[in-house]
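Just so it is clear, none of the values below were taken in a lab; they were calculated from the coordinates. All values derive from a computational prediction rather than experimental measurement. A quick note on method: Cβ atoms are made from the backbone with ideal geometry, for glycine too, and the neighbour counts reach across all protein chains shown.
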Amino acid sequence: MSTLHKIALTFIKSIGPVNAKNLLAYCGSAEAVFSANKKQLLQIPGIGDKTVEAILSTDALKRAAEELKFIEKHGIEVLFFSDENYPKRLKNCFDSPILLYFKGKADLNHPRIISIVGTRNATEYGKTLCRQLCEVLAPYNVLIVSGLAYGIDVTTHKECITNEIATVGVLGHGLDRLYPQIHKAVSQKMVSNGGLLSEYPTLTNPDRQNFPQRNRIIAGIADATIVVEASIKGGALITAEIANSYNKDVYAFPGRTNDVFSEGCNFLIKTNRAGLINNAHDLIYYLGWDDEVKEKKKQAQTTLQLNLTANEQKVVEVLQNGQLSIDELCINLNIQQSKLSIVLLTLEMQGIIISLPGKVYKLA
């Protein structure tokens with residue numbers, strides 16, 4: 001597929017990621033979309049007369065040609081949905097962008113990726129958590145993603161640079177500009193050790209509606225999303241909700257009950273939308289990144305499992321195939337939820353299983 005036609009696909013008016021993928025599925029390639037006739041296009045589900053008119057027009061191809069010049073001049077990489085280097089974790093999300101623009105050196109399919117989000121009004125408590133988190137994660141060869149906004153986002157990026165951790169900023173505008181401009185120096189350092197990522201072409205302003213949209217990339221590209229500080233309303237909670245909708249792990253740092261910028265984190269934890277972490281070691285434990293600790297846990301679990309009851313053993317056996325919700329466990333094991341809850345609590349207290357947000361369980 002030519003890069004020109006891939007880019008042009010994103011400039012077709014009134015078409016989003018889902019319909020763009022439908023076009024690709026039916027036509028076979030981006031070039032084939034633009035060479036199809038009206039009759040062929042109208043047979044594709046979700047494609048109406050206005051969209052067909054936009055495809056048959058040359059406007060999208062002309063705009064793509066301009067974009068291509070900018071890309072080639074500034075060394076920007078185009079990541080198309082069907083390309084091998086497109087972020088695989090994000091690709092599995094139903095509403096993932098059809099195309100991304102990337103400037104940097106990071107591997108967006110890195111084995112370990114986490115996203116860190118939070119309030120734009122970060123307190124010293126939140127900044128300290130970011131610093132401690134990055135310091136502990138530095139030896140674990142991790143890629144950290146955030147949004148390069150004020151507050152927790154930029155603090156995270158700065159701490160990553162200090163600790164030589166690759167970090168990627170997901171933007172709500174094109175790569176021909178930067179918002180906020182005050183973060184330009186940070187963004188330049190990020191390009192050399194991580195990068196800048198956007199689904200938006202040049203001439204796209206940092207409009208308000210773009211930022212909730214870009215949050216799905218922050219949530220989808222990572223193994224887990226960490227909420228450091230957040231009010232009850234704002235982008236951080238939107239990102240957490242999106243991550244949950246993708247069945248991604250979400251974790252949050254708790255805060256004092258009267259702190260406005262811990263209210264969102266406490267809410268996520270209270271409503272089982274996020275797992276509680278007190279420090280980076282908790283995160284490493286939950287994600288299974290510490291092989292030595294994992295091996296010790298395995299040996300301890302082997303000893304513990306010798307003394308399990310019949311129902312406890314059944315739970316352990318079924319969870320060996322992957323994580324399950326309490327409802328799925330009830331169905332699989334034919335055990336009443338009231339009895340199963342006691343079994344799960346006992347196994348969790350022994351460190352054999354872990355409770356995840358949404359009453360989902362997995363082996364520790």
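List of remarks:
- Relative to the dominant Cα principal axis of the chain, helix 17-27 is inclined by about 70°.
- Our Cα-only numbers for region 131-181 put the radius of gyration and Dmax at 11.5, 34 Å.
- Answer label for Cα extents along the principal axes in Å (calculated), chosen among (i) 71, 48, 37; (ii) 64, 45, 41; (iii) 81, 42, 36: (i)
- With respect to the chain, whose longest principal axis is taken over its alpha-carbon atoms, helix 152-162 is tilted by about 90°.
- Mean-position separation - Cα centroids, region 162-194 and region 102-150, in angstrom: 12
- Here the gap between Glu348 and Leu61, fully extended at 0.36 nm per residue and compared with their Cα-Cα distance, gives a gain of 97.6 nm.
- Only one residue of Ile352, Val18, Ala149 has its Cα farthest out toward the positive end of the dipole of the chain, where Lys and Arg carry +1 and Asp and Glu -1 on Cβ, and that residue is Val18.
- Pairs with C-alpha atoms separated by more than 19 Å, drawn from the list Lys158/Lys184; Lys248/Lys359; Lys6/Lys39; Lys13/Lys88, are Lys6/Lys39; Lys13/Lys88.
- Alpha-carbon centroid distance for the pair region 331-358 / region 33-81, whole angstrom: 51
- Region 1-64: C-alpha gyration tensor shape, a/c 1.5 cut-off, then a/b vs b/c: rounded
- Only the Cβ atoms of Lys and Arg (+1) and of Asp and Glu (-1) were treated as charged; on that basis the dipole of the chain about its Cα centre amounts to roughly 540 debye.
- For region 113-287, the Cβ-based charge dipole about the Cα centre amounts to some 300 debye (Lys, Arg positive; Asp, Glu negative; other atoms uncharged).
- Using equal-weight Cα scatterers in the Debye expression, the normalised intensity of region 113-287 in log10 at q = 0.11, 0.14, 0.15 Å⁻¹ is -0.39, -0.65, -0.75.
- Chain lengthening between Arg131 and Leu203 when straightened (0.36 nm per residue, less Cα-Cα): 22.5 nm
- Nearest-ten-degree value, helix 210-220 long axis tilted from longest Cα axis of the chain: 50
- Net lengthening on full extension, Ala310/Asn334 (0.36 nm per residue, minus Cα-Cα): 7.3 nm
- In the chain, taking the dipole from charged Cβ atoms about the Cα centre, the farthest positive-side position among Asn272, Pro45, Gly75 is held by Pro45.
- Take the Cβ atoms of Glu53 and Asn109, set R0 to 51 Å, and the FRET efficiency comes out at 0.85.
- Efficiency of FRET between Lys233 and Ala25 - r from beta-carbon atoms, R0 30 angstrom, step 0.05: 0.20
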